[in-house]
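The values are calculated or read from the model by the stated rules, or taken from the named source; none is laboratory data. For clarity, every value in this text was computed on a predicted model and none was experimentally measured. When we count neighbours, we look across all protein chains shown, and the Cβ atoms used for this are built from the backbone with ideal geometry, even at glycine. In case anyone asks, the SASA skips ligands and DNA or RNA and just uses the protein heavy atoms, side chains included. Shrake-Rupley method; radii C 1.70, N 1.55, O 1.52, S 1.80 Å.
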There are 2 protein chains.
Amino acid sequence: MLSAGLPEGAMPKLERPGPLRERVYEALLELITTRALRPGQHLVESELAQHLGVSRQPVREALQRLNTDGWVDLRPAQGAFVHEPTEEEADQLLTVRTLLEAEAARLAALNAKAEGIADLEALCRRGEAAVGGDEVETVVEANAAFHARVMGLAGNAVLAELARQVDRRVRWYYTPVARQRGAQSWIEHRELIAAIADGDGERATAVMREHTEHTRRSYHERPRS
Amino acid sequence: MLSAGLPEGAMPKLERPGPLRERVYEALLELITTRALRPGQHLVESELAQHLGVSRQPVREALQRLNTDGWVDLRPAQGAFVHEPTEEEADQLLTVRTLLEAEAARLAALNAKAEGIADLEALCRRGEAAVGGDEVETVVEANAAFHARVMGLAGNAVLAELARQVDRRVRWYYTPVARQRGAQSWIEHRELIAAIADGDGERATAVMREHTEHTRRSYHERPRS
DNA sequence: ACTCCGTAGACTGTATCCAATAGCCAGAAC
DNA sequence: GTTCTGGCTATTGGATACAGTCTACGGAGT
């Protein structure tokens, strides 16, 4: 018990690196989402280990998790390959996302307090500013943050965990085409905030469903690379 | 290319054990779901390894996956503990399950062919027979098989994967109280089949939602152990 | 009664070693 | 010339050993 009157925030909270496998996981995920490792590419444990400056063990464990999370395909006795998304899979993913996000919006509308609403508005402003700056990376990130906050307001940890996984992959597929849907997306976010602020679960669901379905359609209409 | 006229089914398909970590994962999951390993119990890698007759390596990887799937809690530098479900978490899980299953029912109604309907009826008969026999284990399994088949008819692999994880945990929480909801559950299954056979997505959704909400309520009304 | 270590138990990460397997290619058989 | 076989290689899968570090527990001292 800190008997001395140390202010809580003053503790430097000395940086705990966390398990190495986690950091390797994040590092590889970063490389995949940024397209530094391209879909279909063969990942060799020993190469990755050497490149990251760790032993094979943490790399193996990270690859296993990436496999179960759908980021890489682990072919037995041959190695790991960066997952290649198919048209059908992307569509299914976006469908599920619509489902999860719509439910989250409904729950958020029922649970949200004034503080949460304020957070959403702040995030919305940040997103709109990013759209003005035309930086795709920042826009996508702000969008993810906004949706994550809505999910947080829903107060369902299980739902949030599923959505986290799904959203991250959606973000991967979607980033290349995010530019198209700039300003319109944030107008819809405003509508969503209004519905949540009114505590209107039905409307929040409808708005969110409409919003994510827009995203889904704009994915299918994307320019082929 | 099998030029000889070997019948496809004749190949014994010699048993491939598959990766050891998978088998360890399944073995541990079996031990957890059957309550041989009780919630809160401390799992020591070396003990498990010795007990299963493998080295620590596969055990570690299996524990990691069990951790990400929510079956065990991995406390740093201390070890793995069988997850202890809380009231709130069970409720959230059942809520999410309702969401996923309802969507699956809708999609199944839109996609199902005659063959799928027949499968559902067969599974339903099997379940009803099990209820008659009053064997909780068999009933729960038949129930899982039925829901899994509905999910298969929905034809959304991503949705199915999420539901598989959620359902397995729901099953864990729910098994102790499954006895209460015997016959009624299968009557509702019949209704669901009818809705799917009619291709009525709205009704299928409603029936499934009602069905899983029944389950949720009966969970909360369960006798405390 | 409270605090302060000391120690044991357990995980984390590293380094090797060996076995099994998929893919590939060269070469023999027809 | 085509096909099949056999071996070679790269890589993973699994086992084992070992050092470092963290946690919790308990006993000694105040």
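Averaging sequence separations of C-alpha pairs under 8 Å and six or more residues apart, then dividing by the length of the stretch A:20-82, give the relative contact order as a whole percent.
Details: 65 pairs, mean separation 25.9, N = 63.
Relative contact order comes out at 41 percent.
How far, in nm to one decimal, is B:Pro76 from itself in the other copies if the label point is set 7 angstrom along Cα toward Cβ? Shortest first, please.
3.6
Considering every pair of different Cα atoms, what Kirkwood radius, in Å, is found for chain A? Numbers along the way, then the final one.
Numbers: mean 1/r = 0.0515 Å⁻¹.
After inverting the mean inverse Cα-Cα distance, the result is 19.4 Å.
Along Cα-to-Cβ, 7 Å out, sits the label point; list in nm, shortest first, how far the one on A:Arg168 is from those in the other copies.
With the label placed 7 Å along Cα→Cβ, A:Arg168 yields 1.9 nm.
Quick check on the stretch B:87-220: what does the Kirkwood estimate of hydrodynamic radius come out to from the alpha carbon pairs, in Å? Numbers along the way, then the final one.
Numbers: mean 1/r = 0.0690 Å⁻¹.
Across the stretch B:87-220, the inverse of the average 1/r is 14.5 Å.
Give, to the nearest whole percent, the P(r) tail of the stretch A:80-166 beyond 20 angstrom, counting all Cα pairs. List each step's numbers first, then the result.
On the way: 1740 of 3741 pairs.
In whole percent, the share of Cα-Cα pairs in the stretch A:80-166 beyond 20 Å is 47.
So how much accessible surface do B and A hide from each other in total, probe 1.4 Å, in square angstrom to the nearest 100? Display every interim value, and only then the final one.
Numbers: alone 13030 and 13010 Å², together 23880 Å².
Interface between B and A: roughly 2200 Å².
Counting only protein heavy atoms, what percent of the accessible surface of the stretch B:87-220 is carbon or sulfur at a 1.4 Å probe? Mind showing how you got there, number by number?
Numbers: 2910 of 5670 Å².
With neighbouring chains kept in place, the figure for the stretch B:87-220 is 51 percent.
With the cut-off at 1.5 for a/c, could you classify the stretch A:20-82 from its C-alpha gyration tensor as rounded, prolate or oblate? Could the numbers behind the result be given before it?
Details: a/c = 1.33, a/b = 1.13, b/c = 1.17.
Since a/c stays below 1.5, the shape of the stretch A:20-82 is classed as rounded.
Put a point 7 Å out from Cα along the line to Cβ at B:Ala36; what are the distances to that point in the other copies, in nm, shortest first?
List, nearest first: 4.4 nm.
Looking at the protein assembly as shown, I'd like the Rg to Rh ratio, where Rg is from alpha-carbon atoms and Rh is Kirkwood's inverse mean 1/r. If you can, show how the numbers build up before the last one.
Working: Rg = 23.9 Å, Rh = 24.5 Å.
Result for the protein assembly as shown is an Rg/Rh of 0.98.
For chain B, what is the mean residue ellipticity at 222 nm derived from helices alone (per DSSP H run of n ≥ 4: -39500 (n - 2.57); sum divided by total residues; nearest 500 deg cm²/dmol)?
Numbers: 9 runs with 152 residues, N = 225.
After summing the helix terms and dividing by the residues of chain B, the value is -22500 deg cm²/dmol.
Considering the dipole of the protein assembly as shown built from charges on the beta carbon (Lys and Arg +1, Asp and Glu -1) around the Cα centre, which of B:Thr33, A:Met151, A:Thr212 is farthest to its positive end?
B:Thr33
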